Structures are given as C-alpha cells and as structure tokens.
1. Any idea which of (1) at pLDDT 95 or above; (2) not charged (D, E, K, R); (3) not in a loop (DSSP other than H, G, I, E, B) is the one Phe213 doesn't satisfy?
2. Working only within the stretch 252-283, note down all residues that are modelled with pLDDT of 95 or more, more than 22 Å from Asn164 (Cβ to Cβ) and open to solvent by less than 50 Å² (accessible area, probe 1.4 Å).
3. Within the set of pairs 6 or more residues apart or between chains, which connect a residue that is under 19 Å from Leu301 (Cβ atoms) inside the stretch 164-182 to a residue that is in a helix (DSSP H, G or I) and acidic (Asp, Glu) with Cβ atoms less than 8 Å apart?
4. So which residues in the stretch 370-401 are modelled with pLDDT of 95 or more, in contact with a Gly (Cβ under 8 Å, 6 or more places away or on another chain) and open to solvent by less than 40 Å² (accessible area, probe 1.4 Å)?
5. Return the total of residues in the stretch 223-251 being open to solvent by 50 Å² or more (accessible area, probe 1.4 Å) and part of a helix (DSSP H, G or I).
6. Residues being crowded, with 22+ Cβ neighbours inside 10 Å and either farther than 18 Å from Glu51 by Cα or not small (Gly, Ala, Ser) (or both): count how many of those fall in the stretch 321-332.
7. Only helices (runs of 4 or more DSSP H) wholly contained in the stretch 353-436 count here; list those with 1 or more residues that are farther than 28 Å from Val241 by Cβ and among the aromatic types (Phe, Trp, Tyr).
8. Taking the stretch 63-82 as the search range and keeping residues that are open to solvent by less than 20 Å² (accessible area, probe 1.4 Å) and modelled with pLDDT of 95 or more, which one is farthest from Val326 (Cα to Cα)?
Amino acid sequence: MKLSSAAKVLFLSLCLIIMVTGAVGAQDAAPSGDITFVFWDNTTETRAGWEAHVARFNEQFPDIHVNLIGVPGAVWSDYLNGTATLIAGGEQPDIIWVATEGVRFLVDLGLMMPLNDLVEQNAEEMPPYFDDTASTLLDGFRIDDSLYFLPYSWNNMVIYYNKNMFDAAGLDYPAADWTRDDFIAAATALTADTDGDGVPNQYGFSGSGGPMFFTMPWVFANGTDIVTDDFCAPNLLDPGVIDAVQFMHDMIYEYKFAPAPGTLTNTEIQFINGEVAMFGAGRWPTGTFYREGFEDFDIQLWPGNPEQTTEFGVDGFGIFQSSQNVPASWEFLKYMSSQDVQQGLVASVDSGSPLGNIPASRTVAEGLSQFPPANYGAFYGSLDGNVRPVTAPPRFNEMESIWIRYVDQVLADEMTVEDAMNAAQTELMSVISCSS
C-alpha cells in the first residue's frame, strides 16, 4: 500500500512518539528481577537479620527478589575462602557484604565492580550520604581512586573497663591519652587472688590473643605494622612488632594480669561479674550488657606506646562484576546504606535490632548517646584522630591464618616470640609481595 505524503508524516510522527515514550518508560521503570546476596553466616541470628532487611526492602521494591546465600566461618578468612570457593563452583552472586579484611582480596581477584559510574549517575541523590559518612570510612573502600563498596557500619577497638572494680581499687578511670605504662599499672592493681589458691580469680585484663582485629592494636600502638605499607613484604621482624607480641605474651606470664588462652569461658559475662576488669573489643559487647541490664562500665581509646592509634574496620556492600542485574543490585546497595536502615544499628534489642556495630552515618551514630557507655563519643570520634584500618592485603585470608597460628603458639608459651616471628616471616614471604 502506497502512503500519501501527509500519511507518511503522520506515520513517522507516531513512530517517534512511540520511541520517545518507550525510552522514557524504560528509564522510569522500577528495577525488578532476581539478585543474589552473599553474607557471612557466622551466628545463629545472622540469616534472620538479613531476611528482615530484605522484607523491608521489598516494601519499596516488591518486584526485586533477593536470594540469600550464607557462607559460614569462624573468622574473616573462612568467609573469604568460602566465597571464593562458591564462585569457583559456578555461583554468580550479585552483591556481597564484606569488611576491610576482604576488600583487596575481592578486588585483586577482579570480582568487584567499581561504583564510580553508578555514583556519578546518581549525582543528585548521593551527596548527602557521602557528606554524612566519615572520609576515613569511604577511603577504606577505595583502591586506586575507585570506590568498590558503600559503607554501612564499622567498629574500632577500644578498652572496656568495669567502673565498679576501678572504684573498689581506688583507681582513676583511664584517661584519653593514657599509655601502655598506665595500662600495666591499672591491670596489675586490678588483678587479685582472693581465695589464696595461687591463681588469680580476678584479672586486670583479658583478650591478648585471638583474630587479627584483637591483636593488631598492640602493634599499631608501637607505630608499625606486620606488613610494609605497600603490602610488598612481611614486616614481622620489625622491633615494634616483636615488642608488641612479646607484650601480649608477658601480660600472661610476666605481669600475670591476663589469663592464658582458654582460661575464661565468657569474657563479657565475667566482666559483668567482676572477674575481669578490662578487655578489648568493638561496640558489639554493648548488646550483652544491655540485655543483662549492666551499665557500670565505660570505654576508652587504646593505650599508646607512646603512639596512640585506633584500629578500625568498616563493612559495606559491593556489586560483583558478574552481576546480571546491576540496576536492582544498586537499589539494594543504596537502600542498605541509607540512614533509615542504619538506624537499626542504634535501636534497642527489644525492638528487634542488635546493639552491635557503629553506623557509618555520623548523624545516626549520635543516637548512640541514648545507651551506655557514657563515653560513646570515643567510637565515632576516634575517626577524627589517628586511626588505621586492620591490616588487609590482597591475600588476607592466608596472612591471617599464619599470623593467628604463630601468635597463638606464643600465647600458649609453646614458642618464643623470636622463633615464632622468624617462622611466620618466612611463611609470609610467599604470601605478601607486590607480585602476589
């Protein structure tokens, strides 16, 4: 059929209208489809918590179905190894929740998508989020000027102290600028053998060993690290590292104000009961104290030697390069990083949200003031001082395993510090290098 000139114009006009309308509709259409979210399934409550988040997310995005895959593990290296195994087995997840420990591990494997373009495409929406998040937390997720994750929450290592025990001993509470010598004096005075059996039943401090996050503050306090700043070589023979590990040993066997590994069964409960005067942790113990109705405690920054440095680790959400549904994944990232969701980190246990991590939002973190400790400002406020992220090179999973194994042998008094660090240094040379 032959069209007249007028009909041709009308036909072309209609086609143009349909094309424009279709393009606008495609841009305005809400994301939909399936996405898979990988998380660290390290407690009995973890899955239920993520399921609750997904349910609330679906109130806004009912057409996005979030599949949850929990990867078990006792420490971060277990989780990272499990995730790598999952992907090697053919799974193609869209999103992962991870912390500092896994950032370079995942990026170095080429698994993660830089978020710069997505942030730029949302230039009008994202500035309030970035303005309200400490630059230190954001920098923890940047590699070579590319942002790979959006911060959700974080923790730092601080010292918890039992105020009742300090009062009973006539001791001043730790000052913000206290040193290792101040710490030793307090821990020694707070250690007691009240039943005369030759073994303390009241310890000044507990927690000199354990995962990376628990041991590194003593190293950082000496102004050093267990690897070089460029992650090109292990640094375990540095005098500051040797001294830090020796001090962790000496707390148990020389000063005798800390228990040997495995001596205590539940540090948080024994802290409440007056069996432990101080211990190191992030914000997570406040949940136990809240549930137990215990408020006679406070926190202080880690003692310096003489450098006072606060260790921190930040967690957040990133999108895998293999994601088949980036628009839906991006909506989930923005949702989980929002102030409304972070508010759940502050809410009481009774409301169904744990008192655990510190919100990445500085505004939301101010809500911590409604709960003990009184010195809650030492959490977020520490980011304005001298802080260092937990050591996390690309092959963190292997490094952590080696570090923990040798530090544990030192703390069990099975190896000298020198022998342990020399052996660990040798093993780490094949793990920590610029070519690894």
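The values are calculated or read from the model by the stated rules, or taken from the named source; none is laboratory data. Computed from a predicted model, the values in this text were never measured in an experiment. A quick note on method: Cβ atoms are made from the backbone with ideal geometry, for glycine too, and the neighbour counts reach across all protein chains shown. Areas reflect the complete protein model, heavy atoms only, side chains present, ligands, DNA and RNA absent. Shrake-Rupley method; radii C 1.70, N 1.55, O 1.52, S 1.80 Å.
1. (1)
2. Ile252, Gly282
3. Pro174/Asp182; Ala175/Asp182
4. Val390, Ala392
5. Keep residues of the stretch 223-251 that are open to solvent by 50 Å² or more (accessible area, probe 1.4 Å), which gives 229-230, 237, 239, 243, 246.
After this cut, where a residue has to be part of a helix (DSSP H, G or I) as well, the list is 239, 243, 246.
Counting residues in the stretch 223-251 that are open to solvent by 50 Å² or more (accessible area, probe 1.4 Å) and part of a helix (DSSP H, G or I) gives 3.
6. Selection size over the stretch 321-332: 2.
7. Details: elements: 362-365, 377-380, 396-411, 417-428.
Filter on the stretch 353-436 gives 377-380.
8. Of everything passing the filter in the stretch 63-82, Val71 is farthest from Val326 (Cα to Cα).
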